[in-house]
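The values are calculated or read from the model by the stated rules, or taken from the named source; none is laboratory data. Keep in mind the model is a prediction, meaning the values are calculated, not measured. Every residue, glycine among them, receives a Cβ derived from its backbone with ideal geometry; neighbour counts consider all protein chains shown. Calculation scope for accessible area: heavy atoms of the full protein, side chains included, ligands and nucleic acids excluded. Shrake-Rupley method; radii C 1.70, N 1.55, O 1.52, S 1.80 Å.
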Number of protein chains: 2
Amino acid sequence: MICRYSFGTPLPTDAVVRKLPAETGALPFFGLQENGDGSLTFSLSLHPEEVIFGLGQMVRGIDKRGHRYESWNSDVFNHTESVSSLYGSHNFVVFFSPERLLGLYLDDPGRVVWDLGYEHRDQAVITSLSGNLDVYLIRENTLAGIAKAFRQLTGRSYLPPRWAFGYIQSRWGYASEEELRSVISAHRERHIPLDAVCMDIDYMVDFKNFTWKPDAFPDLKQFQQKLKEDHIRLVPIIDAGIKVEEGYGPYDSGEAGDCFCKKEDGSNFVAAVWPGRCCFPDFLREDVRRWFGDLYRPLLEAGIEGFWNDMNEPALFYSDEGVADAFAAADRIRSGGVDYETTWWLKDVFSGIANNMDDYRRFYHLVDGKPVRHDLVHNLYGAGMTRATAEGFRRFDPDHRLLLFSRSSFIGAHRNGGIWQGDNFSWWSHLKMALQMLPNLNLCGFLFTGCDLGGFGCNVTEDLLERFLQLGVFTPLMRNHSALHTRDQEIYRFDTWELMRDTVSVRYALLPWLYSEFMKAALRDEMLFRPLAFEYPDDKRAVHTQDQLLLGDGCMIAPVYEQNASGRFVYLPEDMLMIRFRSAHDYDLVPMEKGSHWIDLSLAEFPLFVKKNRAVFLCPGGESSELLDDTRFTVIGQLEIPGTYDLYRDDGTSVSPDLESNLTHIRLVPDNALKREIQC
Amino acid sequence: MICRYSFGTPLPTDAVVRKLPAETGALPFFGLQENGDGSLTFSLSLHPEEVIFGLGQMVRGIDKRGHRYESWNSDVFNHTESVSSLYGSHNFVVFFSPERLLGLYLDDPGRVVWDLGYEHRDQAVITSLSGNLDVYLIRENTLAGIAKAFRQLTGRSYLPPRWAFGYIQSRWGYASEEELRSVISAHRERHIPLDAVCMDIDYMVDFKNFTWKPDAFPDLKQFQQKLKEDHIRLVPIIDAGIKVEEGYGPYDSGEAGDCFCKKEDGSNFVAAVWPGRCCFPDFLREDVRRWFGDLYRPLLEAGIEGFWNDMNEPALFYSDEGVADAFAAADRIRSGGVDYETTWWLKDVFSGIANNMDDYRRFYHLVDGKPVRHDLVHNLYGAGMTRATAEGFRRFDPDHRLLLFSRSSFIGAHRNGGIWQGDNFSWWSHLKMALQMLPNLNLCGFLFTGCDLGGFGCNVTEDLLERFLQLGVFTPLMRNHSALHTRDQEIYRFDTWELMRDTVSVRYALLPWLYSEFMKAALRDEMLFRPLAFEYPDDKRAVHTQDQLLLGDGCMIAPVYEQNASGRFVYLPEDMLMIRFRSAHDYDLVPMEKGSHWIDLSLAEFPLFVKKNRAVFLCPGGESSELLDDTRFTVIGQLEIPGTYDLYRDDGTSVSPDLESNLTHIRLVPDNALKREIQC
């Protein structure tokens, strides 16, 4: 049951697809406080055993209790545990204790502060700074029921094309056909599976959206066509800002359509990003989204089938006003004489030029024809860009699914694209963070996601990349991505590349099954990754487990995320079969009993756990998702009673696939084997 | 067996107390490479199972394999896993594999780069930038043997007074008698045990060393005297830099003795720290150490018995030259017009004013009468200050041990003082880091140590402080310390202060036993905290365990370091008894078998594991270390065969205590109980 309570004058957010009448009674459960400055605070006493799931893309554990978070989409390059915001705002949490099961969703496009047991461990105190919002309470009998109800409120998750489940190689710096070809060849020569390569900002002319360097990419269409013969797709990046440059088509057409966000005086708001001074499309307007979405057309016509949208919080490197303010501050300090406080302040002044709150208050959107200052709708920006892109794709090709994943997001954007988990670092703690973020992203509707495997910033080590890949085997987006000036991070750069290749081979063997699990979850409004509490709500151990995830129908993952570990501890909430993978063809099958276990896992090894009477399907494997044979499988599982596995298969691109007609019902016949071969 | 190999012209470091003749043959085991720039590289192939202990104060795991570290004492305020240096340089590592047991010590006061399996997982590549160093190889039959041999080479660990094992409350910001009194009262009123309060920089007049604010501390001597009646000691901070101010005694006397480091032109090197522009004592000179050590005298005469030395890497906030360079760079950028690269560079320019390498190359020390540029002996600075202080103490009071702990250190400084583990954050990952750092600090000789409980920077939560305290119960230095502008962190500020008080009560019940274990370890040149490999070298599980430590004779700790955890996994390398503490009087005794275990541990609970036929001694407890009765004990342990526990007791202050005569041999008689009462 979902009830909507409305406060103030909520702005439209496009987050919800089911319009519910507002309740007329008081909001139950929560204490409500008007703070005098327009902000509204909702508070709730927490049970000692209460667990809080949700908040989607956020640092810290699966259980969000015990920290203060903020919904404020941020280009933050250092995801430590004291950070309070990342790139997306996902205002949905579920309170779960022996006495309560309650979903809370705040449809609010501005800043929201979530004190989930920070100031007092036994209190959740949630504040909407604008006080204009819709609050939804969701009550169901199960955690999964709440997740499903929330998805039905906010709409079906984005469906990527099937090839997007292949391994994707990416690096900031790839700048030409030649360079991309050599990266691809290095994979193919070593039989490292690969389906796509990303093109980061360096493919563009002066970082201008929708351009590509003519010397480096003399015939992009032919290049993409040739690569497709080798089953490789290009995935270029598009940023939010449009360079201010007369004669540059997107700027001229944007100007002609008056598409850009304005300052109070009516002039375009200008701030610098990669290409220098840019204007920012007002993605909240339908006509602007249509204009922007159509800008992808030349790339789509060149045969591109996938994009990633970046810098759409929006990130602002600097504005003329901000730079002037900083230099003025520096002048004041210089003339006054420095001391330790002023030198620190100078540092803050110059590092604060980027993503400055003053800039976010300098510009306006048009909402229903009326200007709304950006900071009041800040968290919608990335979602608006995703929507513009997805709508453009649908106009260009209404019959095929294209790949799209974004950095910034808001609930609602999950219908139009995936996201990556942000600009992480080559840190072991970020491998763990990626794992812990997955179920909360799924809960908030973001099913097509994954982290930058190996880490984006900082320098990776080969063992860290190998362990990242072992998580990536299971994430829908499996992309190795790294930043300019960091250590080369392609698999083939490392002494132990064969281990890594073997790890990727497991992904390809599992791909048809993983795709099946993903599509069923998406089409049924369910989650692919779930906290253990979702299936074992009465098992306190399971409820508090922070480093294992349920995957699909009857599986569990438990990656190693510690350097130099020779294995890890795992809690099995029931009897399961462990598949200890070394490659698609080399694995141990170990039946294990409910309880606590230490699992030996050398650097080459990673486990997948399968419940009794459930099955995992391994296909013969291959080097591209398009070359996989999804009719012959090795079926792994302990089958003690007759059952069925519903294998989802489709053409990989249909826009509105029908779940039921795409299912093959495979009989699981009890036997004494742990694996068997089938054809279907 | 220890062999010394000498390269180039090593500078004196005071690290070693046993002078060994240099070997004339080639250095065995290691590949040696001269790099042409004076630097020397030592390389070693690593076994797949090789573990590397050592490097003392450093980020990352107990096993240091898989990262690149640098010996370069740094005031670094963000101890993430990609940091390569902290405040101390401890150039000692032990390689341990099924095929090797080898200690390597580089007596080198300059920068050393340790690639311990970073570039290639199977290679250690260690580079001395100066190429002037003594290399010691230590071969023994056991890990403990290597640790002991290294201590015998470098000298006995510092012995603090017994009261320093009490709970210490500290916070940057305490600025007056009144404020300290109220903090102390808040502890005493709630019966939270307490032995000392630290005075951070705010007690001084304008942050000038060896001064105290006359209004805030009108009679320091009387204040300290009164507090001692309540068994409370004051522990003031002293920084490295001496403010440039004529008429300020330490500056005038320093100038008169020509005690400060010089620039190339012979003038004093000046850089700003807390008090503004400062000179830096040349601690490498004996006469300077004598002058500086005597500056503590007024505070000692006021009855102060403990100090902490800070900012002695040395930290340099800025120099006039550095500020001028930064503004000149800003001017160049301003006139040239900014772009994204220059705005980032501006940020780097201003944040790089502090601790700038140009500054570290601007000044000189006198070594044997000859000028040596600072960067060549950088890592000796903090150790020199510690030595100056300790020598001053010994001159002032040759008969009593005083408390001294430093931020910066070098091997050799472990003879003169303790260290704290640095300016950590209120992060769960830093609780784990503190745990993992302990055995490596002990290996390098630093026995009296502990982390800032609750975390220095960032804002703590009550559960994090409670879990920090549960580690702190076992660390010799048990100090709660936090930074200005962070959340108040004294125990009594929190809803759950009673849990925290009960945790501290366990420390006090254990204190005589912990003191006994510490003193025996120090006097026998052993370690208090050891990696599990030290006792279970053939047990692969134990060797690779990264989050449990052996403590003293026959015990093991395994703290919880995850938020919202309901317990943790523990590996027992043999049968042990678990004491699950809630308070000094409320605990469970649970015999457990060798193997893997999940232990339920509510927020109030923490475990101590005791091997069979070993015992832990709990005294009746109290609120000050001076009020503890160390003649009546509850003895906890599974006693199956007759044995003895050697209880070390002394007056808590003797400078050269005799181990044997201070031991009471307590007979451990087999029985069927898990605890029994004794008097001794």
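Does B:Arg60 meet the test of being surrounded by fewer than 19 Cβ atoms within 10 Å (Cβ to Cβ) and within 26 Å of B:Tyr381 (Cα to Cα)? Spell out how you get there, then give the answer.
Numbers: surrounded by fewer than 19 Cβ atoms within 10 Å (Cβ to Cβ): no; within 26 Å of B:Tyr381 (Cα to Cα): yes.
So B:Arg60 does not fit the description; no.
Could you run through segment B:299-327 and say how many residues are assigned to a helix (DSSP H, G or I) and either at the interface with chain A (Cβ under 10 Å from one of its Cβ atoms) or free of Cβ contacts under 8 Å to residues at least 60 places away in the same chain (or both)? Number satisfying all stated conditions: 8.
Among the residues of segment A:185-210, those that are β-branched (Val, Ile, Thr) and crowded, with 19+ Cβ neighbours inside 10 Å comprise A:Ile192, A:Val197, A:Ile201. Are there any pairs with C-beta distances below 6 angstrom linking a residue in segment A:401-419 that is modelled with pLDDT of 95 or more to a residue that is basic (Lys, Arg) and open to solvent by 10 Å² or more (accessible area, probe 1.4 Å), with the two at least 6 apart or on different chains, and if so which? Going by the 6 Å Cβ cut-off, the qualifying pairs are A:Asn416/A:Arg387. A:Tyr508: in contact with a Pro (Cβ under 6 Å, 6 or more places away or on another chain) and under 25 Å from A:Ser185 (Cβ atoms), yes or no? Against the criterion (in contact with a Pro (Cβ under 6 Å, 6 or more places away or on another chain) and under 25 Å from A:Ser185 (Cβ atoms)), A:Tyr508 qualifies. Scanning segment B:100-120 for residues that are part of a strand (DSSP E or B) and either polar (S, T, N, Q) or open to solvent by 10 Å² or more (accessible area, probe 1.4 Å) (or both) gives B:Arg100, B:Leu101, B:Asp107, B:Val113, B:Asp115.
Against the test of being assigned to a helix (DSSP H, G or I) and in contact with an Asp or Glu (Cβ under 6 Å, 6 or more places away or on another chain), the options B:Lys228, B:Lys148 yield a single qualifying residue, B:Lys148.
Out of everything in segment B:301-332 that is aliphatic (A, V, I, L, M) and within 21 Å of B:Gly382 (Cβ to Cβ), what residue ends up being surrounded by the most Cβ atoms within 10 Å (Cβ to Cβ)?
Taking segment B:301-332 as the starting set, the residues that turn out to be aliphatic (A, V, I, L, M) are B:302, B:304, B:311, B:315-316, B:323-324, B:326, B:328-330.
Filter again for within 21 Å of B:Gly382 (Cβ to Cβ), leaving B:304, B:311, B:315-316.
Details: B:Ile304: 20, B:Met311: 24, B:Ala315: 23, B:Leu316: 26.
This residue is B:Leu316.
Listed by position, the strands (runs of 3 or more DSSP E) contained in segment B:473-585 that have at least 1 residues being away from chain A (no Cβ under 14 Å), more than 20 Å from A:His597 (Cα to Cα) and open to solvent by 10 Å² or more (accessible area, probe 1.4 Å) are B:576-581.
In segment A:628-662, which residues are of a type in the set (S, T, N, Q) and more than 15 Å from A:Phe165 (Cα to Cα)? First the steps, then the outcome.
Restricting attention to segment A:628-662, the residues satisfying the condition of being of a type in the set (S, T, N, Q) are A:631, A:634, A:638, A:644, A:653-654, A:656, A:661-662.
Across segment A:628-662, the qualifying residues are A:Thr631, A:Thr634, A:Gln638, A:Thr644, A:Ser654, A:Ser656, A:Ser661, A:Asn662.
I'm checking my understanding of the structure. Among residues of segment A:333-360 that are aromatic (Phe, Trp, Tyr) and more than 7 Å from chain B (Cβ to nearest Cβ), which one is most open to solvent (accessible area, probe 1.4 Å)? Before the answer, list the steps.
Going through segment A:333-360, the residues aromatic (Phe, Trp, Tyr) turn out to be A:340, A:344-345, A:350, A:360.
The next check asks that each one be more than 7 Å from chain B (Cβ to nearest Cβ); those that pass are A:344-345, A:360.
On the way: A:Trp344: 86, A:Trp345: 116, A:Tyr360: 6 Å².
Step by step, filter segment A:333-360, then rank; the result is A:Trp345.
Take B:Asp630 and tell me if it is more than 14 Å from chain A (Cβ to nearest Cβ) and surrounded by fewer than 18 Cβ atoms within 10 Å (Cβ to Cβ). No, not satisfied.
Only a single criterion out of (1) without any contact (Cβ under 8 Å) to a residue 40 or more places away in the chain; (2) over 15 Å from A:Asp502 (Cβ atoms); (3) touching an Asp or Glu at 6+ places or on another chain (Cβ under 7 Å) is not satisfied by A:Ser625, namely (1).
In segment A:423-442, is there at least one residue being hydrophobic (A, V, I, L, M, F, W, C), in contact (Cβ under 8 Å) with a residue 24 or more places away in the chain, farther than 19 Å from A:Leu551 by Cβ and touching a strand residue (DSSP E or B) at 6+ places or on another chain (Cβ under 8 Å)? Yes, segment A:423-442 contains at least one residue that is hydrophobic (A, V, I, L, M, F, W, C), in contact (Cβ under 8 Å) with a residue 24 or more places away in the chain, farther than 19 Å from A:Leu551 by Cβ and touching a strand residue (DSSP E or B) at 6+ places or on another chain (Cβ under 8 Å). The single condition among (1) among the hydrophobic types (A, V, I, L, M, F, W, C); (2) out of contact with any Leu (no Cβ under 9 Å at 6 or more places or on another chain); (3) more than 14 Å from every other protein chain (Cβ to nearest Cβ) that A:Leu438 does not meet is (2).
Regarding B:Ser596, is this residue farther than 17 Å from B:Leu431 by Cβ, among the polar types (S, T, N, Q) and either open to solvent by 30 Å² or more (accessible area, probe 1.4 Å) or within 14 Å of another protein chain (Cβ to nearest Cβ) (or both)?
On the way: farther than 17 Å from B:Leu431 by Cβ: yes; among the polar types (S, T, N, Q): yes; either open to solvent by 30 Å² or more (accessible area, probe 1.4 Å) or within 14 Å of another protein chain (Cβ to nearest Cβ) (or both): yes.
For B:Ser596, the condition - farther than 17 Å from B:Leu431 by Cβ, among the polar types (S, T, N, Q) and either open to solvent by 30 Å² or more (accessible area, probe 1.4 Å) or within 14 Å of another protein chain (Cβ to nearest Cβ) (or both) - is met.
The combined condition, being at pLDDT 95 or above, away from chain B (no Cβ under 11 Å), under 31 Å from the mean Cα position of the chain (by Cα) and part of a helix (DSSP H, G or I), is fulfilled by A:Gly293.
To keep it simple, each residue is scored yes or no on (1) over 30 Å from the mean Cα position of the chain (by Cα); (2) closer than 19 Å to A:Val349 by Cβ.
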site: B:Ala329; (1), (2): yes, yes
site: B:Arg332; (1), (2): yes, yes
site: B:Thr343; (1), (2): yes, yes
site: B:Leu346; (1), (2): yes, yes
site: B:Tyr360; (1), (2): no, no
site: B:Tyr364; (1), (2): no, no
site: B:Gly369; (1), (2): yes, no
site: B:His374; (1), (2): no, no
site: B:Val377; (1), (2): no, no
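Here A:Gly445, A:Gly455 are screened, and the one residue that is away from chain B (no Cβ under 14 Å) and either within 16 Å of the chain's Cα centre (by Cα) or part of a loop (DSSP other than H, G, I, E, B) (or both) is A:Gly445. Scanning segment B:118-137 for residues that are within 14 Å of chain A (Cβ to nearest Cβ), touching a residue at least 60 places away in the same chain (Cβ under 8 Å) and closer than 15 Å to B:Gly31 by Cβ yields B:Asp122, B:Gln123, B:Ala124, B:Val125.
Could you grab me the full set of residues in segment A:258-284 that are free of Cβ contacts under 8 Å to residues at least 60 places away in the same chain and open to solvent by 40 Å² or more (accessible area, probe 1.4 Å)? A:Asp258, A:Asp265, A:Gly266, A:Ser267, A:Arg277, listed by residue number. For segment B:599-619, the candidate set comprises residues that are closer than 15 Å to B:Gly637 by Cβ and not in a strand (DSSP E or B); within that set, the residue that is least open to solvent (accessible area, probe 1.4 Å) is B:Ala615.
Here is a yes/no grid of residues against (1) more than 16 Å from A:Val112 (Cα to Cα); (2) hydroxyl-bearing (Ser, Thr, Tyr); (3) within 14 Å of another protein chain (Cβ to nearest Cβ); (4) in a strand (DSSP E or B):
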residue: A:Thr13; (1), (2), (3), (4): no, yes, no, no
residue: A:Arg18; (1), (2), (3), (4): yes, no, no, no
residue: A:Gly25; (1), (2), (3), (4): yes, no, no, no
residue: A:Phe29; (1), (2), (3), (4): yes, no, no, no
residue: A:Gly38; (1), (2), (3), (4): no, no, no, no
residue: A:Glu49; (1), (2), (3), (4): yes, no, yes, no
residue: A:Phe53; (1), (2), (3), (4): yes, no, yes, yes
residue: A:Gly56; (1), (2), (3), (4): no, no, no, no
residue: A:Ile62; (1), (2), (3), (4): yes, no, yes, no
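Is there a residue in segment B:68-90 that is away from every other protein chain (no Cβ under 14 Å), within 23 Å of the chain's Cα centre (by Cα), open to solvent by 20 Å² or more (accessible area, probe 1.4 Å) and of a type in the set (Gly, Ala, Ser)? Yes, there is a match, as at least one residue in segment B:68-90 is away from every other protein chain (no Cβ under 14 Å), within 23 Å of the chain's Cα centre (by Cα), open to solvent by 20 Å² or more (accessible area, probe 1.4 Å) and of a type in the set (Gly, Ala, Ser). Taking segment A:231-257 as the range and being assigned to a loop (DSSP other than H, G, I, E, B) and surrounded by 14 or more Cβ atoms within 10 Å (Cβ to Cβ) as the test, the residues that pass are A:His231, A:Ile232, A:Ala240, A:Gly241, A:Val244, A:Glu245, A:Tyr248, A:Gly257.
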